[in-house]
1. Cα to Cα, under 30 Å, and not fewer than 8 places away if on the same chain: which lysines meet these conditions relative to A:LYS12?
2. Restricting to DSSP H runs of at least four residues, report the calculated mean residue ellipticity at 222 nm for chain B, -39500 (n - 2.57) per run over all residues, nearest 500 deg cm²/dmol.
3. Mind giving me the nanometre distance, one decimal, between the label points for B:THR587 and C:GLN68, set 7 Å out from Cα along Cα→Cβ?
4. Please find, in a Gaussian network model of chain C (springs between Cα atoms separated by less than 10 Å), the residue of C:SER146, C:SER43, C:SER103 whose mean-square fluctuation is greatest.
5. What is the local net charge at B:VAL173, summed over the other residues whose Cβ is closer than 13 Å to its Cβ (Lys, Arg +1; Asp, Glu -1)?
6. Report the longest stretch of chain A that contains none of the GluC sites (Glu not before Pro) sitting in a DSSP loop with at most 15 other Cβ atoms within 10 Å.
7. Which residue fluctuates the most in chain C, going by a Gaussian network model with Cα springs under 10 Å, if the choices are C:HIS108, C:HIS169, C:HIS131?
8. Which residue fluctuates the most in chain C, going by a Gaussian network model with Cα springs under 10 Å, if the choices are C:LEU201, C:LEU46, C:LEU162?
Amino acid sequence: MSGGVTMGRTLKFNIFRFNPEDPASAPRMDAYFLEETEAMTLFIALNRIREEQDPALMFDFMCRAGICGSCAMMINGRPDLACHTKTKNLPAEITLMPMPVFKLVGDLSVDTGTWFRAMNEKVQSWIHTAKRFDPGQEEERMDNALAEEIYEMERCIECGCCVAACGKANMVPENFMGAAAFNRIARFMIDPRDERNNDEYFEVVGNEDGIFGCLGLLGCEDTCPKNIPLQDELGMLRRKMGFSQVKHLFRALLPGKKMA
Amino acid sequence: MDTFYTDLLCVGAGLAGERVAVAAAAGGFDSICLSIVPPRRSHSSAAQGGMQASLGNCCMGQGDCPDVHFADTVKGSDWGCDQEVARLFAETAPIAVREMAFWGIPWNRVVPGKSIYYKAGKQYEKVEAAERSGAIAARDFGGTAKWRTCYTSDGTGHTLLYTMDNEVVRLGVTVHDRVEALALIHDGITCMGVVARCLKTGKLRAYLGKATLIATGGYGKLYRESTNAVINWGDGAAVALDTGLVPIGNPEAVQFHPTGIVPTNILVTEGCRGDGGTLKDVNEERFMNIYEPAKQELASRDVVSRWMTHHIRIGKGVPSAYGPHLWLDIRHLGAQHIKTKLREVEEICNEFLDRDPITQLIPVRPAQHYSMGGVRTDKDGAAYGLKGLYAAGEAACWDLHGFNRLGGNSLAETIVAGRIVGEKIVEYLEGRQTEFKTSVVRQAVNREQERIEGLIGSTGKENVYELRAAMGDVLMDRVGIFRNQADLQGAVEKLQVLYDRSKKLGLRSTSVHGANPELGTALRLPGMVRLALCIAYGALTRTESRGAHAREDYPERNDRDWLKRTLAYWKNEGDPLPVLEYEKPSTVWQMPPGERGYGSTRIICSEDTEICIPKPETN
Amino acid sequence: MMADETISRVGPDRTEAYLDLLQMVTGVVLVAFMWAHMILVASVNLDLGGGRVMNVIARFFEATYMAQVGGPVIAAIMLAHFVFAARKLPFRAREQKAIWKHSLNFNHLDTWLWVIQAATAFIILIMGCIHMWTVLTSLPITAAKSARRIQGGWWLVFYLVLLPMIELHVGIGIYRIGVKWGFIKRAHRKALHRFENRLTLTMIGIGVVTLFTFLVLTKA
Ligand SMILES: Cc1cc2nc3c(=O)[nH]c(=O)nc-3n(C[C@H](O)[C@H](O)[C@H](O)COP(=O)(O)OP(=O)(O)OC[C@H]3O[C@@H](n4cnc5c(N)ncnc54)[C@H](O)[C@@H]3O)c2cc1C
Ligand code: HEM
Ligand code: HEM
Ligand code: SF4
Ligand code: F3S
Ligand code: FES
């Protein structure tokens, strides 16, 4: 892995260090130096630093192929997947920080698991249906174009970049749902198998923690490593959730009619 | 120390583990899933191509049925699989796929009308029937008679795992992520759970379950070059082996995938070839059409990987700084196809190779990909050797795949086996009271505690990472695609030396607070080397070629002597080698051993009348 | 309270949806007003023979009482808009620290746009009120009166500050409404943002010319 031709640059890595489990540890930045090699990624670089220089360094990798979402971190101030970030596209001095908003596990490693489980519970990320699965039945038909549209949204890898990149989530880390949650809701909204109506979706996202808390900062859109069309989905969601309520307003204002 | 009690303890929250947990929850039982990473990051999410189920919806899959799927699977396994299991599997797969559709997978669907497709570089036309419009579609994969691989673009594993985890969330199944099982708790008869280490705090925990499931996935990362994720160390197999009671089935059956990209070994899916991509050499000429006129690029993986290695050996590889490789060509499929059906491939090429597969060739070479072997179970998923212990998914040797797994059969295995094993576990749990003997639990925990203290206080000098790399080199260089006596003998000896050295590890990072990644690696290293020894020793002992196990010095498939499954035990921690036993692969012989229709045809026939009609069927 | 419970079971709390809609609607109304206002004031640059066009228009608005009524209405809408929009602003110290830290580290265009929006808002609130008070308490509006104010010097500085503030706020505001409500799609965002920038610059340009005209009006 460490093989390969050197590229002539010595890279300096400034890496955030803090082990919250260790009472003796205090947050600090440590510097490491590495000779850059051909096709070097941050996956290669960080593993070399750990194996050769500092075996205590904490970070997360899994698939090392940009598909599992484990390795998001702040790379020179921007959240991105470390495994698909090539050093040749970075300056010789590279600052690595853990993602904000999420709870720190240690050094560059943050607890996205707990956050996303809570998110999935909050948006009730599953098909809501009154039907029961019948093993003897053929599958319900679906238009392929629609299937592809759903897949487009289903491609989110729960890396958390959109959350770390969101000013709103940085301001109110405990509450704001984040773009990944909006994407998930949007995914179920276009899925005919999910029988939730607009009011039920509204119950989940039609509030200050949800789509109406979103400031439209588009940090999410501009950093999502999977290029999920977050801007368009968030726009659709705000429109649907906002405008669908206008009719309720009229109904409430019309004399003689009960709210129902 | 924290202790957790549950009905079913799932070690592993990939597709297999979660499917079993869902079955348990549906049966009214509690479960806790343990996982090193958040469940959706499990390696199942990396599977791209698709999963096999004989729905027969698309025109190229017409006439498909479980019988054909069964036959393909048995041939693919080189008659090494359990035919009873293969039958059960082929019959359940369509239901499992439809169930996943019901839960929300956006399977690609049949689009009626004319469309073109490619096979072996040539263009053909097909017409999908209007009445199948919108039914679940399938693509072509290696070693199959029909188009049978259901898919969602090239993110099938991802959508499957996300949908499965949605079910887990819906049913409120508890998941503890960043928890690593270190050892099984058992009294020699019954398994009671695991000792685990929390990777957030570094503390030990005891998890006690009336039933325990091992679903920890494959052990590709024992090899230097593997398409697997970095956590595929084989923990599950290692802790089972460690009991001395539970055997690993067919450890020597290791699959190499033809198309890992060079140099990072990231997989590009078989769907590339299934959709008509071709393999080319240094002269940008095809060669699979010469070696395998019938199936060409779509022979089974073991066969294609061998021919590729052969082709590189005769000097037709493309030289590079990372050694010789070959080319995968999907340019002729066109931008539209690549951007919709192979978009992860496009992304991987752009991001990791700086290459555009629409206009450029992709550098590929076979890399370790799949472990057919694993914790040996019966057809209900119950592990040999301990009561209350189960296994499913890639971690298990259920034995659906024998000596070679077909592409698309392992995603299918995870949810099919998960479904079946889950139901069996529910039956097992019903009315069961398990007594968790505190002395046994304490003893197991103490043993791990002592290992940790031993490592922290060790005066040893051996470097964890160096040993791990050395082990990867030995397996890669000597227990790879082509194997022979001398290499394997050398591998076993070298691994034994490494095993001894792994007992003298010295840590540079001695913190007991938090995960301490070096300590984590040190704790699992001896188990990894033991597993590596099972692979190498199993391969050395098996003097024949079957499926992915290709001996240059024994090129024939020897049904007379070797139509049997290896069972590797590690009886005592101090033993230098595993103990190998053998069993017949199946009691059911619906399909007697014959020729696969691709690959080598040298067979020494079985003389066992129970499994063989004396004259093997050709064709 | 039984009644409350019934209501809460009938439907979700829709307040946030209404507030967000109102924020947008007041924003759009104000943008429309500001563009119209800028063009009206800029009409001072034109002299079609019968004196400055601005005078003609101003007289028309006063004669129809549109200025006398419209002025306070605009003031009210602005106040309402402030109330709607300000609920998104970070008032707690911790939140302010977080957003500053984030903006500086992340250094991302659309995040900065929002920060500008929030900052200009406060300046506009204060300066806009002063300005409206001044103008509306000394009706009628005439080009000459305006020119006199501006030649006083202090008002020139005042407008030179307020002008870019309001134009930035208007331009960014309308662009942000576009992306937030999905009228501007991913495919067109870059192009429309560039267009919005040009528009803002043009409007500031026109405003500067107008101020210059006022400055030289009676002298000429
Ligand atoms: C790149 C790639 C592409 C593939 N493509 C296809 C394909 O197209 N079609 C197909 O059929 N198959 C494919 N496969 C194979 C298939 O994806 C896997 O075999 C299958 O997903 C394995 O699922 P699993 O549930 O058994 O294990 P995994 O998904 O690997 O899950 C293992 C789980 O165990 C946990 N775990 C591991 N060790 C421990 C421990 N010590 N303690 C606690 N938890 C632990 C992990 O955290 C994880 O949750 C592919 C494989 C690879 C590598
Ligand atoms: C005539 C003057 C004004 C005009 C034309 C105007 C216009 C706009 C517009 C179009 C938006 C975008 C609305 C949205 O995002 O939904 C906006 C946002 C905003 N306005 Fe104003 N506004 C004016 C005055 C003010 C004043 C006086 C304040 C109060 C301090 C203010 C505070 C804000 C804030 C804080 C936002 C940001 C809210 C957000 O985008 O989420 N504005 N304005
Ligand atoms: C209905 C209320 C308003 C009236 C009648 C009005 C009228 C005028 C008039 C007559 C002028 C010319 C200069 C002068 O006489 O001092 C002027 C200029 C200006 N006004 Fe207003 N105004 C109103 C509201 C606002 C508001 C709400 C804002 C912004 C917050 C604003 C911003 C400006 C600016 C920036 C100029 C300078 C114009 C330029 O440089 O072109 N006005 N306004
Ligand atoms: S939406 Fe994009 S950035 Fe956000 S979690 Fe999903 S993949 Fe990551
Ligand atoms: S960055 Fe945040 S504020 Fe909204 S547009 Fe994206 S979620
Ligand atoms: S390690 Fe999986 S996305 Fe980076």
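1. A:LYS86, A:LYS88, A:LYS103, A:LYS226, B:LYS200, B:LYS221, B:LYS461, C:LYS97, C:LYS101
2. Numbers: 16 runs with 201 residues, N = 619.
Mean residue ellipticity at 222 nm (helix-derived): -10000 deg cm²/dmol.
3. Once both label points are built, they end up 10.4 nm from each other.
4. Top of the fluctuation ranking is C:SER103.
5. -4
6. The segment A:39-137 is the longest one with no such site.
7. Between C:HIS108, C:HIS169, C:HIS131, it is C:HIS108 that shows the largest mean-square fluctuation.
8. It is C:LEU46.
Only the coordinates and a few stated rules stand behind these numbers; no lab work does. What you see is a predicted model, and the numbers here were worked out from it, not measured in a lab. When we count neighbours, we look across all protein chains shown, and the Cβ atoms used for this are built from the backbone with ideal geometry, even at glycine.
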